[in-house]
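Have a look at the structure below, then the notes.
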């Protein structure tokens, strides 16, 4: 047996873990559709992402020493770091501070929409971005709401998600 000696840098490890998680998520959804149907898969996916969203943002905040988000600038910084960590590189987005209470997350090219469209279920898939971000806000201890006007059936892979926070 040949001993292969190689090193993967931290960025490479992050990419591998992020991609494996994304593939796991897709496989889970497909298998859930097969066993329980699309409606149940959508409902379970949104339920799981609400729970997972709270966990992922708490772990990120604890791991980076962030105790509290106190203003829109800190929210913007955390969202930028969280998105780079949790979303694959194929997901194209940007953040823009609209005012002291609102942060716009503009999705330029959604990796989820691309894949559900490829699978032929874009009109039936229920986007889980809103419940994910609602759980992030709750886990941060913030009082606010997520405003998202479109779903995967009418977004064409792009959308705007507003984080409206009452400081």
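Laboratory data are not the source of any read-out in this text; all were calculated from the coordinates shown. This structure is a prediction, so every number in the text was calculated from the model and none was measured. Cβ sites come from the backbone with ideal geometry, for glycine too, and all protein chains shown count toward neighbours.
What to note about this one:
- Taking the Cα atoms of the range 95-167, the ratio Rg/Rh between the radius of gyration and the Kirkwood radius comes to 1.02.
- Taking 1.306 mPa s as the viscosity and 10 °C as the temperature, the Stokes-Einstein diffusion coefficient of the range 1-52 based on its alpha-carbon Kirkwood radius rounds to 119 µm²/s.
- Inter-label distance for residue 167 and residue 68, nm, one decimal - labels placed 7 Å from Cα along Cα-to-Cβ: 1.3 nm
- Each Cα pair under 8 Å and six or more residues apart adds its sequence gap; the mean of these over the residue count of the chain is a relative contact order of 23 percent.
- Estimated FRET transfer efficiency (residue 123, residue 92; beta-carbon r; R0 22 Å; 0.05): 0.50
- The chain: calculated mean residue ellipticity at 222 nm from DSSP helix runs of at least 4, using -39500 (n - 2.57): -17500 deg cm²/dmol
- The candidate values were (1) 17.1, 57; (2) 17.1, 61; (3) 17.9, 64; the one computed from these coordinates for Rg and Dmax of the Cα atoms in Å carries the label (2).
- Annotation: extensible slack from residue 6 through residue 51 equals 12.5 nm (criterion: 0.36 nm per residue apart, minus Cα-Cα distance).
- For residue 83 and residue 153, the difference between the fully extended length at 0.36 nm per residue and the C-alpha to C-alpha distance is 22.9 nm.
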